[in-house]
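Peer 1: Below you will find the structure I want to go over with you.
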Protein chains: 2
Amino acid sequence: MRVPSDIEIAQQAEMLKITEIAEKLGIEEHEVEPYGHYKGKLSLDILHRRKEDKDGKVILVTAVNPTPAGEGKSTVTVGLGQALNKVGKKAVVALREPSLGPTMGMKGGACGGGYSQVVPMEDINLHFTGDIHAITTAHNALTALVDNHIHRGNELGLDVRKLTWKRVMDMNDRSLRQVVAGLGGPLQGVPHETGFDITVASELMAVLCLADSINDLRNRIRKIVIGYTYEDLPVTVKDLGVEGALTLLLKDALKPNLVQTLENTPALIHGGPFANIAHGCNSVLATKMASKLGDYVVTEAGFGADLGAEKFLNIKTRAGNIKPALVVVVATIRALKMHGGVPKDNLKEENTEALQKGLANLEKHIESIHSFGLPHVVAINRFSHDTPAEIEILKEFCHSRDIQVELADVWESGGEGGKKLAEKVLNEIEKPSNFSPLYSLDLPVEQKINNIATAVYGADGVNFSSGAAAQLKKIKEHGWDNLPVCMAKTQYSLSDDPAQFGRPQNFRITVRELRVSAGAGFIVALTGNVMTMPGLPKRPGALDMDVNDEGGAVGLF
Amino acid sequence: MRVPSDIEIAQQAEMLKITEIAEKLGIEEHEVEPYGHYKGKLSLDILHRRKEDKDGKVILVTAVNPTPAGEGKSTVTVGLGQALNKVGKKAVVALREPSLGPTMGMKGGACGGGYSQVVPMEDINLHFTGDIHAITTAHNALTALVDNHIHRGNELGLDVRKLTWKRVMDMNDRSLRQVVAGLGGPLQGVPHETGFDITVASELMAVLCLADSINDLRNRIRKIVIGYTYEDLPVTVKDLGVEGALTLLLKDALKPNLVQTLENTPALIHGGPFANIAHGCNSVLATKMASKLGDYVVTEAGFGADLGAEKFLNIKTRAGNIKPALVVVVATIRALKMHGGVPKDNLKEENTEALQKGLANLEKHIESIHSFGLPHVVAINRFSHDTPAEIEILKEFCHSRDIQVELADVWESGGEGGKKLAEKVLNEIEKPSNFSPLYSLDLPVEQKINNIATAVYGADGVNFSSGAAAQLKKIKEHGWDNLPVCMAKTQYSLSDDPAQFGRPQNFRITVRELRVSAGAGFIVALTGNVMTMPGLPKRPGALDMDVNDEGGAVGLF
C-alpha cells in the first residue's frame, strides 16, 4: 500500500476545533486564545488554577545517534501519544516548534510524519502563532538598543570588538554569517564586525524555553550578557535597562501553543532551541502545562540521547522542576547499520553483520539512561526496507540484556501501530524510578564537562584548548561557575568526531571554546565547529512551493 | 477634565468578541479566523460571496502638510467612523497597520488617540496578526535565495554591484543602513555591499497592499526586479522562479484584519506601506472588503494630501478599481500656524496673524482635491490649546470660500464629538462627484511627474538630475513607462524643501533618482534624501516598557 505524502495526509485530517480540544482538556474558555480555528495559545493561569492537581507522568523520547535524515523521534512521540489515547489513557504530546527558515531550503517538516503528525502542519511549519517572529524581533530590538547606546556616547564603555550579542533571522542565509555593519559615516552608527545566527540559536529562545513565568522570563533576560567593556567586564541587559521592553515583546510568545495530532490527541508545540549551542527541548511551560492537562506527557529532545536527553535531564528538569518518569529510546535499523559501518547510500540494503556491530551505539545510550536512574523502553521505528531478520536481531539484542523493546509502526498505522509500545511503556512506567541529574551544580564547570564526557559519551577525559582554559578562569571570576553545562558537539557520534560511529573507545573530547548564556542559565562548551546560520542548498525547496486554488500550501513537503 | 492616557483608555475598553463584530457585519463563521478573542482575519471569500452587492461609499481622510507630531488623521478617521454609527449609519473604518520597530524608539501609537482609538491597541502596536513579520520573512527569503543563486554559480549573471533587492527588518536600526555581507571566504557567500530598510519600506508591503487576490499577489511578486546583469538587463523574481514560495509565505498576511474601535465600530486594519517610497495607504483588499461590509468606509492615507491623498487617488484607486466618494481634509490650528511661520515650540500660543497666513496651505490642498472632481469637507481636529478666536478664523476662511467645515472633537469625546462632522459628510457625499485620476497612464513618466508637481504641489515645473534622466531612458527601454508614479518627497512642505511652509510659490521640484517598483506597479521618483531605515532616539521608549502583573503592557504609550 502506498502511504500518501505527509502533506496529503495532513490536508485530509479531520481536525476538531481548537476550542473543542481545549474543552476536552478541562481548559476554560477564557484560558485559550484561538489563532484561527485549529491553533490556540494557552493562558499561564491554567498552571495557577491547577497548582494543587497531581502531575501527569512525563515520558521523554530520545534516540540513538542519528543519520542525517533523522530517526523519527517526532513521529514516534506523536504516534505514542496517539497510541496511549487509543488504549484509553489521557495523554498529551509536547513538541518543539519548527523554524521556518530551513523549510525554504530542504524538504522535510518537523511535525512528525505519515499517520503520526501534528496538524495543521502547514501553519505549524510556516508562521504558526508568531513565537519565532517575536523572538527575532526581541533579539534584534536588543541589538538596535545596544548599537544605539554606543552610537550615542557609549556610557557603559562597551568595547565594539567584544560585543557578544549579534543579530538573528529565521532564514538560511549564509551571506549574513559575517558582516560589517555601521558603515557610512557618523550618522549611521559605529562600524563593527558582527553577524547573524538563525533565530532558534538566539539565547532568547533558550530563555523562553526555560522560563517558568513572566517574572522568571524578565529575570533571565536581565542577566543576558551583551558584551564586555574595555576592561573585560561583562555588560548585561540589566545595565542597559531594557529587560521590560524585551519581556513585553515576548509576553504572548511565552504562552504554550495548543494543536492536535491527526487522531485529535492534544499537542502542545512550543519553543525550539538549537540542540547544540542550546538545550534542544520544547519549553518548560509547555511540558509542565501538558502534565497538568494529561495523565501522561510524551515529549522529545533534539538529536541523540548523548545531546538532547542529557540536556533534558541535566538542564531542563532543573529549570522546570520536572520529574521524568521514563525514557523511550528510538532506534532504527538504518541508523544502527550506519553505526556498524555502512555508508549512507547503502542503508536500505539488508546487512545483519553491520547491524550487529552497530548495536553498540544503542547499548551505550541505554547505559547512560540507566545511570540517570530512569526506566526505559527501546522503540524500533520501522521503515519499509527493514527486513524481518534485521528486526529480529535488534529485538534479540534487547531481550538478551533485559531491555524492554517494541516495534513502533506509527508512521504507517498511526496510534494503532503504537499500541504495543504504549502497553509496554505503561507497564514499565509503574516500576520504581530513582531519577537524579548526573552532576551537582556545585562542581566546577570543567568537572561537569568531564562527568558528561565520561559517563554519557564514554570518553576517557576532556582536553581544554588554551582559550577555553582562560575562559574557565573568567567564568569563575564572574560567578558563573555554578551553572549547568550545555555541550555543543556533533550529533552523529558519541565522540566529538562525526566520523566515529558505533561506540567509540579510547578517545578524549576537546573543548575549544566556552560561551556564557547567563540568561538561559548555562555555560556552552563547544567542541569542533558549530554552525549557527545554515545555508540554502543548490536547489532550494522554495522552487517547488506555491499556493493552490483552495488557498492551501503546495510543495511544502 | 483630564483625559486619561491613550493606553489607559484602551485598556478599559469594553470590547465585543471579534466573532460578534463579524456577525453584525454579516460575515459567516467560517469566514473569520479569530486571533485571540478580539482580532480576526477575514477570508477573501467574502468578496466573492458579496460580489453582486452594492459597494459602500468610500470616504478618504487626508490632511494639510503636517507638523512632525502628525495632525490626528487616524484619530479623525476612527472618530468619524464612530460618529457615523452614532447617527445610525453602518460605517466601517479601514486603517493602516502600524510598524512595531518605531514603537521601541518613540512614544506615540498609530491607533488613533483619546476616545477615538482602535483596540486592542497593545496587540495592534506590537505583533498584531503577524502580517509585517510575514513580509519581513518573505522579503529576506528572497534575498537569501538571490544570494544563494550567486553563491552557487550565478547562472542568471547578476552583477553583485547592481543588486536592488536588499534586506528588511521591522526595527529602527541605523547600523544596518549600510553593511558589507558575505564576508569570511568562499563558504560564506559572495562579498557585497548591501543594507537593510525597515520592513514597511519593502516593495512586498506595497505589493500586498495593491494586490486584489492571491493570483494578483503572485503576478505582482513575479515582476519584482531583484537586480541587473552585467549587461544592465533587469532580473526578476520570475527569472529566479520563487514567486510561489513568496506567495505561500504571504497567503495569510493577504487577509484583512478585523478589530473594533472603542465604541465597537468595526475596523479593518491591514497593510502599512511607507508614504514616501511607497503609496502610504492601507490595502486595496481591506478597503474593498470594508465597502462590501458597510454602507460607508472611512479610510486614510499617509502624510498630507500632496502625498497620501494624491497617491490614493492616482495609484490605489486604479489598482483596486475603487471609486472614492468624498475627501475629508484634516486641518489643525497648530499646523496652520506652523505654515504661517511659527516655530514648532511656540505652536501652543495663540497667533491669529500666523494662522491667517498659514491658511494658504489648506487652500492649496482643497484646490487639489477639487481638481480630482471630489466633494470635500474640512475637519478641524481640535486641540485643547486652540482658542475660540483661532477656530473662528479657520471657519470663516472656509465659509467665505464655500468650503464645508466642521469641528471634530473626537479625541476628547469619541463618536459623540464627531456627529456634526458626520452629518456634514453625509450631506456632501450625496452631491454629484466626478472623480478621475490626475493623469493618464499613457503619458511618459516625466510628464506624469510634471502633472503632479504643477497641479498638486503648485510648482512651476520639474528638473531631472542627469542620473534621473538616464533612468527615464531605461524605464522606457524596459517597458515600464506606462506605470503610475509614486513621489518620494518631504511631507512638511508642498515643495521638495522641508523648510518651505505655507503655500510656496515660484519653485521647481528636483527629481534626483528614479526607482522601479515593478511588482507594486509604480515608478518611485525621489526628491531629496529619503530615509528608509530610521534610528532610535537618545532615550528610547523601550526604557519605560514592561509587562504588569495582569499581563498588560506598561509604558507603551
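Coordinate-derived values only; no laboratory data. Just so we're clear, the structure is a prediction, and the values are computed from it rather than from any experiment. Note that each Cβ is placed from the backbone with ideal geometry, even for glycine, and that neighbours are counted across all protein chains shown.
Peer 1: Please report the antiparallel percentage of DSSP beta bridges with both residues in the protein assembly as shown, rounded to the nearest 5. Walk me through the numbers before you get to the answer.
Peer 2: Details: 60 of 138 bridges.
Restricted to the protein assembly as shown, the bridges split so that about 45 percent are antiparallel.
Peer 1: When the C-alpha atoms of chain B are aligned to their principal axes, what extent does each axis show, in angstrom, from largest down?
Peer 2: 69, 56, 53
Peer 1: Measure out, as a whole number of angstrom, how far apart the alpha-carbon centroids of region A:16-37 and region A:257-309 sit.
Peer 2: Region A:16-37 and region A:257-309 have Cα centres separated by 19 Å.
Peer 1: Put a point 7 Å out from Cα along the line to Cβ at residue A:68; what are the distances to that point in the other copies, in nm, shortest first?
Peer 2: 5.5
Peer 1: Could you go through region B:464-476 in sequence order and give the Karplus-derived ³J(HN,Hα) for each residue, using 6.51 cos²θ - 1.76 cosθ + 1.60 with θ = phi - 60°, rounded to whole Hz, and x for Gly and Pro?
Peer 2: 10, 5, 4, x, 5, 5, 5, 5, 4, 5, 4, 4, 5
Peer 1: Using a label point 7 Å beyond Cα on the Cα-Cβ vector, give me the inter-copy distances for residue A:466 in nanometres, one decimal, shortest first.
Peer 2: Ordered by increasing distance: 5.8 nm.
Peer 1: Students often forget the sequence filter, so: which aspartates and glutamates lie under 19 Å Cα-Cα from residue A:344 once same-chain residues fewer than 8 apart are removed?
Peer 2: A:71, A:353, A:386, A:390, A:497
Peer 1: Suppose we look only past 58 Å in the calculated P(r) of the protein assembly as shown. What percent of the Cα-Cα pairs does that tail hold?
Peer 2: Values: 95491 of 619941 pairs.
Everything past 58 Å amounts to 15 percent.
Peer 1: To continue, here is another question. Taking the highest mean first, how do the peptides A:544-550, A:218-224, A:118-124 order by number of other beta carbon atoms within 10 angstrom per residue?
Peer 2: On the way: A:544-550: 15.6, A:218-224: 22.3, A:118-124: 23.9.
Highest mean packing first, the order is A:118-124, A:218-224, A:544-550.
Peer 1: Say R0 is 51 Å: what FRET efficiency, to the nearest 0.05, do residue B:392 and residue A:16 get from their beta-carbon distance? List each step's numbers first, then the result.
Peer 2: Values: r = 64 Å, r/R0 = 1.25.
The calculated FRET efficiency here is 0.20.
Peer 1: Can I ask one more? Hey, can you rank B:493-505, A:257-269, A:342-354 by average C-beta count inside 10 Å, highest first?
Peer 2: On the way: B:493-505: 20.1, A:257-269: 25.5, A:342-354: 14.7.
Averaged packing, sorted descending, gives the order A:257-269, B:493-505, A:342-354.
Peer 1: Out of residues 5 or more away from residue A:301 or on other chains, whose amide H comes under 5 Å of its own, with H placed 1.01 Å from N in the peptide plane?
Peer 2: Amide H neighbours of residue A:301: A:61.
Peer 1: Where a ≥ b ≥ c are the square roots of the eigenvalues of the C-alpha gyration tensor, would you call region A:324-444 rounded, which needs a/c under 1.5, or, failing that, prolate if a/b is larger than b/c, or oblate?
Peer 2: Numbers: a/c = 2.24, a/b = 1.39, b/c = 1.61.
Oblate, since a/c reaches 1.5 and b/c is not below a/b.
Peer 1: Students often forget the sequence filter, so: which lysines lie under 19 Å Cα-Cα from residue A:538 once same-chain residues fewer than 8 apart are removed?
Peer 2: Candidates past the 8-residue exclusion: A:107, B:238.
Peer 1: Per-residue counts of other Cβ atoms within 10 Å, averaged by peptide: what ranking do you get for A:68-77, A:315-324, A:429-438, B:424-433, highest first?
Peer 2: Details: A:68-77: 22.9, A:315-324: 20.0, A:429-438: 12.9, B:424-433: 15.6.
Put in order of decreasing packing, that is A:68-77, A:315-324, B:424-433, A:429-438.
Peer 1: Can you list residues whose amide H is under 5 Å from residue B:35's amide H, if they're 5+ apart or on another chain and H is modeled 1.01 Å from N?
Peer 2: The list, which skips near neighbours in sequence, is A:36, B:40, B:41.
Peer 1: A follow-up question, please. Any chance you could get the radius of gyration and Dmax over the Cα atoms of region A:131-246, in Å?
Peer 2: 14.1, 44
Peer 1: Roughly how many nanometres apart are two label points built 7 Å out from the Cα toward the Cβ at residue A:162 and residue A:442?
Peer 2: Placing both labels 7 Å beyond Cα along the Cβ direction yields 3.2 nm.
Peer 1: Sticking with the crude label model, points 7 Å out along Cα→Cβ, report the distance from residue B:385 to residue A:30 in nm, one decimal please.
Peer 2: Those two pseudo-labels are separated by 4.2 nm.
Peer 1: Taking amide hydrogens as modeled 1.01 Å from N in the peptide plane, which residues meet the under 5 Å criterion relative to residue B:229, leaving out close sequence neighbours?
Peer 2: B:159, B:235
Peer 1: How well do other chains shield peptide B:139-151, expressed as the mean number of their Cβ atoms within 10 Å of each residue Cβ?
Peer 2: On the way: counts 1, 9, 13, 2, 5, 14, 9, 1, 6, 13, 3, 1, 5.
Other-chain Cβ atoms within 10 Å of each residue's Cβ, averaged: 6.
Peer 1: Could you please state, rounded to a whole Å, how far the C-alpha centre of region B:528-557 is from the C-alpha centre of region B:485-519?
Peer 2: One Cα centre to the other: 29 Å.
Peer 1: For region A:131-246, build the charge dipole from Cβ charges (+1 Lys, Arg; -1 Asp, Glu) around the Cα centre, then report which of A:149, A:207, A:184 sits farthest towards its positive end.
Peer 2: It is A:184, whose Cα lies furthest towards the positive end.
Peer 1: Taking beta carbons within 10 Å but only from partner chains, what does the mean come to for residues A:99-105?
Peer 2: Details: counts 0, 5, 4, 0, 4, 13, 4.
Other-chain Cβ atoms within 10 Å of each residue's Cβ, averaged: 4.
Peer 1: When a/c is below 1.5 the answer is rounded, else prolate if a/b is larger than b/c, else oblate, so apply that to region B:1-153 with a ≥ b ≥ c taken from the square roots of the Cα gyration tensor eigenvalues. Please list the in-between numbers first.
Peer 2: Values: a/c = 1.82, a/b = 1.26, b/c = 1.45.
Note, shape of region B:1-153 comes out oblate.
Peer 1: Would you mind computing Rg(Cα) / (2.2 N^0.38 Å) for region A:445-526, counting N as its residues? The partial results should precede the final answer.
Peer 2: Working: Rg = 12.7 Å, N = 82, 2.2 N^0.38 = 11.7 Å.
Relative to the 2.2 N^0.38 Å estimate, region A:445-526 comes out at 1.08.
Peer 1: So what is log10(I(q)/I(0)) for region A:173-230 at q = 0.14, 0.16, 0.19, 0.27 1/Å, when the Debye sum runs over its Cα atoms only?
Peer 2: Rounded to two decimals, the profile gives -0.60, -0.73, -0.87, -1.04.
Peer 1: Sticking with the crude label model, points 7 Å out along Cα→Cβ, report the distance from residue A:506 to residue B:549 in nm, one decimal please.
Peer 2: Taking the two extended label points, one gets 6.5 nm.
Peer 1: Taking the Cα centre of region B:131-246 as the origin, how large is its charge dipole in debye, to the nearest 20, when only Lys and Arg (+1) and Asp and Glu (-1) carry charge on their Cβ atoms?
Peer 2: Details: 12 positive and 15 negative charges, 22 e Å.
Rounded to the nearest 20 debye, it is 100 debye.
Peer 1: For a quick check of your reading of the filter: which GluC sites (Glu not before Pro) in region B:149-228 sit in a DSSP loop and have no more than 11 other Cβ atoms within 10 Å? Could you put the intermediate results ahead of the total?
Peer 2: Details: sites: B:155, B:193, B:203; in loops: B:155.
The qualifying sites are B:155.
Peer 1: Right, here's the next one. Over 30 Å between C-alpha atoms is what I'm after, so list which of A:420/A:448; A:323/A:348; A:316/A:489; A:17/A:251 land there.
Peer 2: Numbers: A:420/A:448 38 Å; A:323/A:348 38 Å; A:316/A:489 18 Å; A:17/A:251 25 Å.
Cα-Cα > 30 Å for A:420/A:448; A:323/A:348; rest within.
Peer 1: Shortest first and in nm to one decimal, what separations exist between residue B:412 and its copies in the other chains, measuring from label points 7 Å along the Cα-to-beta-carbon line?
Peer 2: 7.8
Peer 1: To the nearest whole number, what is the average tally of beta carbon atoms from other chains within 10 Å of the beta carbons of peptide B:248-254? List each step's numbers first, then the result.
Peer 2: Details: counts 14, 8, 2, 8, 6, 1, 2.
That works out to 6 on average.
Peer 1: Can you give the FRET efficiency for residue A:90 and residue A:45, using 1/(1 + (r/R0)^6), R0 = 30 Å, r = Cβ-Cβ distance, to the nearest 0.05?
Peer 2: Calculated value: 0.90.
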